[in-house]
Each structure stands twice: as C-alpha cells, then as structure tokens.
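*Asks:* Got a structure for you, questions after.
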Amino acid sequence: MKFWKYHGLGNDFIIVNNLDGQTPIDGERAEQLCHRRFGIGADGLMLVEKSDKADIRMIIYNSDGSRPEMCGNGIRCFAKFVYDKAIVKKEVITVETDAGLMEIEMRIDADKATAAIVNMGQPDFTPARVPVEVNQPQVVNYEIEVEGSKFQITSMLMAVPHTVVFVDSLEDETVIRIGKLIENARVFPSKTNVNFVKILDRENMILRTWERGAGYTYACGTGACASVAAAVINGLAEEKAKVQLRGGDLIIHWKERGDIYMEGPAAEVFEGNYTNC
C-alpha cells in the first residue's frame, strides 16, 4: 500500500489515494497504521476518494480508529496533497467531508501548495447540536463539575464538538489530566475536544488542545477556530486573531460572526510503501 505522510503544524496524517476504491481501510486498520510503534505513526489517517458533490472527498480516522466528521489541519494537508499530485489542480478546491462541503483557497508557490485558507463554516452553540446535555440556550461561560472539580466552559459544534476553557497558565500535565476528564464527562454524550486557552491580548492567544480520539496533539485547526469564537463571544478577543499552538501559528477570522476562516501551512514529510498488509 502506497502512502504519504503530511503535517499541519505538527499535527500529522497518513494519506492514502483510494480513488480506485481498491484500498479499503476501516477504523481498526487505521488505528494499526497510526500506531507510532507498530505502524507508520500519525495523529490520523485520510482517504482520498471520488465525490459526486464536490471536487474530491475526504474520509478521516483518528489514531484510535474513531471517525471524526472533519479536521482543520487535516483538510489543509488533504488539499495540498490533491493539488500537488494533480488530482484536483485548482486554486479553490471543494472537499466533501462528513461535516458537509468545505471550500479551500490554496496559496501557491512554484506550482506547489504551501498554505491554505479554509472556510470552516459557522460555530453552533446550540446544546443539542454540540451535543451537550444541559438545559441552557447556549453553553457560554457555563459551569460544570467533573470529579469534584469545577470548570467554566464554552462549548460549540465547530464541524466537531469543541469545549473551550480559559486559563491563566498552561502546563502539559494539566492539559492531559483535565482534558481526559472533560472529554469523557457525562454531559458530552459524543465526547468533546477540549481547548485550554490563555489570552495574551485581544489579537493573540495560546492554545493547547486535548483532541477527542487522538489525545494531546501539536495543533488543532477546528480547535483554534472554536477558541477564537469562544473568546469573541465572551468579550475577550477581536474577530481576527493569531492562535499560537505547539506546532506553530494559525490566523483565525470570524468574519462579522458569520463563517470562520482559518489560514495556515501544510507540508509533505515523506512517502512510502507499507508492506505489512
């Protein structure tokens, strides 16, 4: 099986071209391939498939074999792959995902895609859509208690479920320990991604994300979008802000509180053949 390895700010993915439909991969197989000791190693795996609704279709699996609806860093890598490999040679690409159709504007240099601007759609704060089981019109600055600890959260559907917690300091052990607790809290029937955000000023913030199904990653594109939306709705940030992640920076713009646009890089790491099939 031929594969390619890509990353967006350290959030890494295996990409497999399945346009001919001859490389079936399910969640169990994706988990094996993503294993960093016994497989190729990655935060997720993406399949390139044909679409009758868009230029191309993206199917994505997390490293634990679960299948999220979308991935912000992943879709930039996916778009770079299909552009650079001449599968979809357009500067504006439409991609079918389980979260709907996504539009990506490519940044091109010497006929190679170096970065992309993705229209990520609108955040949905409706509890039933997140989903989060609370009796509130919105989950904004809402207090929950998890195993005896209380947290002020803002939750939304940003293609996938996201929960934002504003903090004064960021320590890896806290992100891991508390991230696991909130991800699996009973109020989230489908679990949730958990974003810990330190506000620097109204146009800059630091983000650390515990991802549902992948753990502590170097970057999360949908998480960056959710964090800016949460900061704006809580009166802490402007509509356009730089988000500093473990692997680098993303520019997020919630234009007039409509669609959110994410801008950031993507890079190819290597290609290879996996023979343990």
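The values are calculated or read from the model by the stated rules, or taken from the named source; none is laboratory data. Nothing here was measured: the structure is a model prediction, and the numbers come from that model. As a convention, Cβ positions derive from the backbone with ideal geometry for all residues, glycine included, and neighbour counts pool all protein chains shown.
*Asks:* Need pairs with beta-carbon distance below 9 Å; first residue of a type in the set (G, A, S) and within the range 133-159, second in a strand (DSSP E or B) and surrounded by 21 or more Cβ atoms within 10 Å (Cβ to Cβ); sequence gap 6+ or separate chains.
*Replies:* Partner pairs satisfying both residue conditions: S155/P161; S155/H162; S155/T163; S155/V164; A159/T97; A159/M102.
*Asks:* Starting from the range 25-50, take each residue that is assigned by TED's automatic domain parsing to the domain that holds G8 and list its partners that are acidic (D, E), counting only C-beta distances under 7 angstrom and pairs at least six apart or across chains.
*Replies:* E31/D64; A42/D12; D43/D12
*Asks:* Okay, next question. What are the pairs, 6+ residues apart or on separate chains, where a residue within the range 1-19 that is assigned by TED's automatic domain parsing to the domain that holds G74 and on the phi > 0 side of the Ramachandran plot has its Cβ under 6 Å from a residue that is small (G, A, S) and in a strand (DSSP E or B)?
*Replies:* Short answer, once both residue conditions are applied: L9/G248.
*Asks:* To continue, here is another question. Is it the case that the range 188-197 has a residue that's surrounded by fewer than 23 Cβ atoms within 10 Å (Cβ to Cβ), touching a residue at least 40 places away in the same chain (Cβ under 8 Å), closer than 19 Å to N141 by Cα and of a type in the set (K, R)?
*Replies:* No, there is no match, as no residue in the range 188-197 is surrounded by fewer than 23 Cβ atoms within 10 Å (Cβ to Cβ), touching a residue at least 40 places away in the same chain (Cβ under 8 Å), closer than 19 Å to N141 by Cα and of a type in the set (K, R).
*Asks:* Between T94, T163, T126, T114, which is in contact (Cβ under 8 Å) with a residue 24 or more places away in the chain, among the polar types (S, T, N, Q) and touching a Lys or Arg at 6+ places or on another chain (Cβ under 7 Å)?
*Replies:* Values: T94 fails: touching a Lys or Arg at 6+ places or on another chain (Cβ under 7 Å); T163 fails: touching a Lys or Arg at 6+ places or on another chain (Cβ under 7 Å); T126 fails: touching a Lys or Arg at 6+ places or on another chain (Cβ under 7 Å).
None of the others qualify; the one that does is T114.
*Asks:* All but one of (1) assigned to a strand (DSSP E or B); (2) more than 20 Å from A224 (Cβ to Cβ); (3) of a type in the set (V, I, T) hold for V187; state the number of the condition that does not hold.
*Replies:* Result: V187 passes all but (1).
*Asks:* Report yes if E256 is surrounded by fewer than 17 Cβ atoms within 10 Å (Cβ to Cβ), touching a helix residue (DSSP H, G or I) at 6+ places or on another chain (Cβ under 8 Å) and not assigned by TED's automatic domain parsing to the domain that holds K85, otherwise no. Talk me through it step by step, then tell me what you get.
*Replies:* Working: surrounded by fewer than 17 Cβ atoms within 10 Å (Cβ to Cβ): yes; touching a helix residue (DSSP H, G or I) at 6+ places or on another chain (Cβ under 8 Å): no; not assigned by TED's automatic domain parsing to the domain that holds K85: yes.
No; evaluated as a whole, the condition is false for this residue.
*Asks:* Regarding I206, is this residue surrounded by fewer than 24 Cβ atoms within 10 Å (Cβ to Cβ), assigned by TED's automatic domain parsing to the domain that holds V167, within 18 Å of T154 (Cα to Cα) and of a type in the set (V, I, T)?
*Replies:* Numbers: surrounded by fewer than 24 Cβ atoms within 10 Å (Cβ to Cβ): yes; assigned by TED's automatic domain parsing to the domain that holds V167: yes; within 18 Å of T154 (Cα to Cα): yes; of a type in the set (V, I, T): yes.
Yes, satisfied.
*Asks:* Still on this structure, I have one more. With the requirement that a residue be of a type outside the set (D, E), under 21 Å from L157 (Cα atoms) and surrounded by 14 or more Cβ atoms within 10 Å (Cβ to Cβ), what does the range 95-113 give you? Working first, answer last.
*Replies:* Step one: filter the range 95-113 for residues of a type outside the set (D, E), giving 95, 97, 99-102, 104, 106-108, 110, 112-113.
Okay, now just the ones that are also under 21 Å from L157 (Cα atoms), so 95, 97, 99-102, 104.
Passing the criteria: V95, T97, A99, L101, M102, I104.
*Asks:* Here's another thing I want to ask about it. Any residue at all in the range 229-244 that's free of Cβ contacts under 8 Å to residues at least 60 places away in the same chain and closer than 13 Å to L9 by Cα? Working first, answer last.
*Replies:* Taking the range 229-244 first, the residues free of Cβ contacts under 8 Å to residues at least 60 places away in the same chain are 232, 235, 237-244.
Filter again for closer than 13 Å to L9 by Cα, leaving 243-244.
Checked the range 229-244: at least one residue is free of Cβ contacts under 8 Å to residues at least 60 places away in the same chain and closer than 13 Å to L9 by Cα.
*Asks:* Going by the conditions given, is G247 touching a Leu at 6+ places or on another chain (Cβ under 7 Å) and within 21 Å of K5 (Cβ to Cβ)?
*Replies:* Values: touching a Leu at 6+ places or on another chain (Cβ under 7 Å): yes; within 21 Å of K5 (Cβ to Cβ): yes.
Against the criterion (touching a Leu at 6+ places or on another chain (Cβ under 7 Å) and within 21 Å of K5 (Cβ to Cβ)), G247 qualifies.
*Asks:* Run R57 past the list (1) touching a strand residue (DSSP E or B) at 6+ places or on another chain (Cβ under 7 Å); (2) assigned to a helix (DSSP H, G or I) and report the number of the one that doesn't hold.
*Replies:* Status for R57: all satisfied but (2).
*Asks:* Here's something else I'd like to know. Take K240 and decide whether it is farther than 16 Å from L157 by Cβ and in contact with a His (Cβ under 7 Å, 6 or more places away or on another chain). It would help to see each step written out before you state the result.
*Replies:* On the way: farther than 16 Å from L157 by Cβ: yes; in contact with a His (Cβ under 7 Å, 6 or more places away or on another chain): yes.
For K240, the condition - farther than 16 Å from L157 by Cβ and in contact with a His (Cβ under 7 Å, 6 or more places away or on another chain) - is met.
*Asks:* G121 fails exactly one of the following numbered conditions: (1) within 15 Å of the chain's Cα centre (by Cα); (2) free of Cβ contacts under 8 Å to residues at least 24 places away in the same chain. What is the number of that condition?
*Replies:* (2)
*Asks:* Of all residues being of a type in the set (D, E) and either on the phi < 0 side of the Ramachandran plot or part of a strand (DSSP E or B) (or both) in the range 114-156, which is surrounded by the most Cβ atoms within 10 Å (Cβ to Cβ)? Just the residue, please.
*Replies:* This residue is D124.
*Asks:* Mind listing whichever residues of the range 212-230 are under 20 Å from Q122 (Cα atoms) and assigned to a strand (DSSP E or B)?
*Replies:* None; the set is empty.
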